Amino acid sequence: MSALHAPGFPEEAVRDRARKGARAVFLDEGAYGRAVIGARADTVSARDPLDLARLIPPVFMPRRLEKLIDLAGEPLHSDVDLSTRIGGFDVPCPLYVSAFGSTQVGADLALVVGAQAGALGIPMVVGENVVAGQGLRTGSSLFGRLASYTAALPEGLGGVVVQQSTEDADAEVWNRVYSDPSVTPLLESGRLGFELKVGQGAKPGLGGLTLVDAHEARRYAATHQVDQASGPGDDLWLRSSTPGTFTEEILDQQIRFMRNNFPRARVWVKLPPGRDVAEAARMAWEAGAHAVTVDGAEGGSGWAPSVFLDRVGLPLHECVRRIGSTHADPSRAGTDRGTFLVSGRMWEAGRAVAAMALGADAVGLGRAALIAADEDPENGLANLVSAFRLEAALLISALGKYAIGDLEPEDVTLPPSPWPTPIASDPRPVF
Amino acid sequence: MHARVPAAAISVPPPLGDHLSLPATRDIMLIQQEVLFAVREHLRSRGFVELLSPLTGPVTDPGGRGAKQLDVDFYGHRYKLMTSAILYKQVSLRGFPRLFYIAPNVRAEPLETAGTGRHLFEFHQIDVEIAGASREEAKNEAADLLIAIVRHVTEGVPDLLASLGRDIDFFSALLQGGFETRTHTDAVADLSGYGHSQDSGSEIDWEAERVLSRKYDRPFFVTDYPKGSRGFYDREDPDRPGVLRNFDLLAHGGYGELVSGSERQSDYAAIVKGIRESGENPAKYGWYLEEARRGIPASAGFGMGLQRVLRYLTRTESLWQVTAYPKLPGVVSA
């Protein structure tokens with residue numbers, strides 16, 4: 001260490017990189033496998049408009065009057081109906097468990113989360129790379145997760161959505177699931193879905209990233225790109241999935257292909273928080289998607305370069321603001337298509353109700369589900385959901401409303417947006 | 001939504017020895033022999049060369065309708081059993097501009113197909129490809145081939161057909177030719193008129209094929225399927241984006257699809273884009289794309305399901321009855 005100092009310059013970060021090389025692009029790897037990574041609260045929460053949003057009840061409440069007439073008595077928060085239908089599934093409340101990153105954290109807790117989500121009748125998305133990472137039928141494998149989810153699934157509620165990324169397509173994940181005898185009951189009860197992964201919140205524009213040891217790296221070498229994280233001699237390897245190339249036509253065709261090939265499965269599409277997210281959501285719905293899920297830049301339970309966590313992608317509130325108006329399309333009313341789902345730092349009802357007032361139909365639990373299951377493998381998620389339900393019912397009834405679908409933008413005020421006008425997407429065709 | 005048959009209603013093969021010793025199985029195999037004779041005689045007379053198709057390869061036809069491919073360990077490399085040899089057919093055109101296979105294929109079709117009477121795990125296709133041909137030429141070849149098969153069988157072994165309960169008058173309109181062509185859009189509208197709801201963006205479902213096919217007195221073509229309903233090798237109509245220059249030939253009498261064919265996509269960039277539109281990483285198709293980059297001849301062709309033709313000829317209920325060694329999707333058997 002020399003006496004050199006550079007006041008006002010990010011000296012420590014430079015020194016960190018000087019010591020660790022490419023490994024310093026990520027958070028300290030000591031956290032890998034134990035931490036669930038997303039945008040850092042200290043850099044986000046204090047200026048996140050969705051967290052700063054306030055729900056503003058009116059004084060005059062015509063909807064409460066409607067409920068009063070309906071009940072022939074004054075309504076209470078317990079009269080709020082939280083049940084709804086999202087992405088082709090009936091659900092007891094506007095929640096689903098979003099896909100976890102394919103790091104060891106997600107794999108270890110997946111069965112515990114799945115069992116609890118199933119018992120609650122809350123839909124669950126099984127993330128990409130599960131087949132590549134865990135195989136098909138052992139332990140925390142894809143079919144292991146389906147089995148734990150369905151073990152105590154109540155009749156008529158919930159559903160499982162299996163994600164497929166570009167690499168998973170090579171492993172034919174959807175084909176394997178669709179023709180497996182063990183999923184027949186889910187298919188026959190309309191409770192199997194497939195989610196096309198177009199991108200993700202924590203690292204929009206990139207594919208999945210995981211750190212693996214040398215043994216795992218050798219196993220992945222035939223199907224994925226694996227590089228030593230800091231160059232030759234490093235014992236940690238970075239496994240990179242391709243993000244996949246999408247144009248309007250490719251997205252449109254992939255959705256139609258899903259509908260044609262898997263006519264009995266629900267079609268979900270997961271979009272990254274890109275600048276043309278509203279246009280992509282509209283296209284996905286037009287092509288027949290039952291649900292579009294958008295992961296805000298705050299999302300993530302896997303592994304991402306810090307610069308992506310800090311600087312890349314639209315925050316969730318901006319995604320909701322841009323899509324909310326697109327979403328209010330009367331032509332989809334009464335159909336089973338066109339659900340708008342959001343995730344990204346969701347755990348309590350305040351953020352969720354604000355997002356739903358702005359146009360979302362339900363919210364996804366990612367890190368919150370993992371932490372809850374980690375805290376209490378038997379009831380952690382159930383307890384978290386129980387708190388959410390009470391909070392949501394209190395908030396919605398305070399707004400003078402008694403159904404999820406009655407929430408409207410008038411119920412929420414946002415701080416001034418740093419994004420005054422949506423940036424028009426580049427209309428130039430690729431070919 | 002595809003028609004679903006309750007498990008109890010699925011007709012399954014008896015033990016293999018019993019099946020092989022049934023008089024009907026013997027009659028049908030004798031008819032199969034005549035069909036294969038007629039195919040070879042007819043196609044050879046038109047200048048086609050028969051090749052034997054590959055059984056495995058690094059990739060196979062990704063197909064559609066949710067069929068699963070089967071892996072083979074090729075000395076540590078993941079190979080596939082052929083679901084169809086379409087990619088090989090296209091590349092073979094460089095040496096054999098008119099070619100055909102009697103190709104064995106394996107497809108792990110979705111379980112719901114076990115009861116359609118029209119799906120097998122292992123089956124054979126009469127696979128034809130013609131360099132430089134248009135869709136019209138491929139349609140004509142398919143129609144002529146079917147007529148040649150039916151003529152040969154009805155003239156050569158009418159007693160076998162009679163013993164299976166097939167009245168050869170059933171084919172009298174077919175033998176006159178003149179198969180009508182309906183577009184996919186027409187077919188969707190026709191189906192709506194018959195009270196059957198059909199997604200305009202998807203393949204005609206199995207029940208819909210049965211409904212349509214009952215309305216005709218001879219086979220008929222359905223053309224112009226929407227993009228997304230077929231493999232990436234079907235050529236998109238350059239004048240009508242989203243519409244494929246392809247066709248199916250459907251049998252009359254409720255038997256549904258016998259033949260699927262198209263003009264092929266031979267332009268390298270369009271093939272890469274088509275693979276991507278079906279959700280896959282084009283890198284998987286490395287050897288084929290390398291050939292496409294070097295130049296694959298433009299072509300049109302088709303696959304005719306051998307067992308489907310036999311079922312149509314012999315008036316049998318299920319495809320398993322017209323194969324010596326039947327395997328139904330998901331049904332464990334010999």
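Can you pull out the residues in the range B:79-90 that are open to solvent by 30 Å² or more (accessible area, probe 1.4 Å) and not in a helix (DSSP H, G or I)?
Once the filter is applied, which keeps residues that are open to solvent by 30 Å² or more (accessible area, probe 1.4 Å) and not in a helix (DSSP H, G or I), the range B:79-90 yields B:Tyr79, B:Leu81.
Inclusion of A:Arg311 among residues that are under 15 Å from A:Leu341 (Cα atoms) and away from every other protein chain (no Cβ under 11 Å) is not warranted. Considered as a group, the residues in the range B:91-113 that are open to solvent by 10 Å² or more (accessible area, probe 1.4 Å) and in a helix (DSSP H, G or I) include one that is farthest from B:Leu310 (Cα to Cα), and that residue is B:Val91. Restricting the first member to the range B:1-27 and to residues that are under 30 Å from B:Asp205 (Cα atoms) and open to solvent by 50 Å² or more (accessible area, probe 1.4 Å), and the second to residues that are modelled with pLDDT of 50 or more and of a type in the set (A, V, I, L, M, F, W, C), the beta-carbon pairs closer than 6 Å and six or more apart or on different chains are B:Val12/B:Val331.
The residue that is farthest from the other protein chains (Cβ to nearest Cβ), counting only those in the range A:165-178 that are outside any helix (DSSP H, G or I) and surrounded by fewer than 24 Cβ atoms within 10 Å (Cβ to Cβ), is A:Ala171. So, in the range A:386-402, how many residues would count as being surrounded by fewer than 22 Cβ atoms within 10 Å (Cβ to Cβ) and part of a helix (DSSP H, G or I)? Total meeting the criteria: 9. Taking the conditions exactly as written (among the small types (Gly, Ala, Ser), over 18 Å from the mean Cα position of the chain (by Cα) and within 13 Å of another protein chain (Cβ to nearest Cβ)), does B:Gly76 satisfy them or not? Judged against the criteria, B:Gly76 is a match. If the condition is being open to solvent by less than 10 Å² (accessible area, probe 1.4 Å) and of a type in the set (Val, Ile, Thr), then the range B:305-334 contributes B:Val309, B:Thr314, B:Val322. Of the strands (runs of 3 or more DSSP E) that lie entirely inside the range A:204-275, those containing 2 or more residues that are of a type in the set (Val, Ile, Thr) and away from chain B (no Cβ under 14 Å) span A:209-212. Among the conditions (1) at pLDDT 90 or above; (2) within 17 Å of the chain's Cα centre (by Cα), the only one that A:Leu209 does not satisfy is (1).
Regarding B:Phe123, is this residue open to solvent by 10 Å² or more (accessible area, probe 1.4 Å) and at pLDDT 90 or above? So B:Phe123 passes the test. Scan the range B:59-78 for residues that are farther than 15 Å from A:Phe257 by Cβ and either open to solvent by less than 50 Å² (accessible area, probe 1.4 Å) or among the basic types (Lys, Arg) (or both) and the total you get is 7.
The values are calculated or read from the model by the stated rules, or taken from the named source; none is laboratory data. Because the structure is predicted, anything quoted here is derived from the model rather than measured. We place every Cβ from the backbone using ideal geometry, glycine too, and count neighbours over all the protein chains shown. Keep in mind that these areas ignore ligands, DNA and RNA; they rest on the heavy atoms of the full protein, side chains included. Shrake-Rupley method; radii C 1.70, N 1.55, O 1.52, S 1.80 Å.
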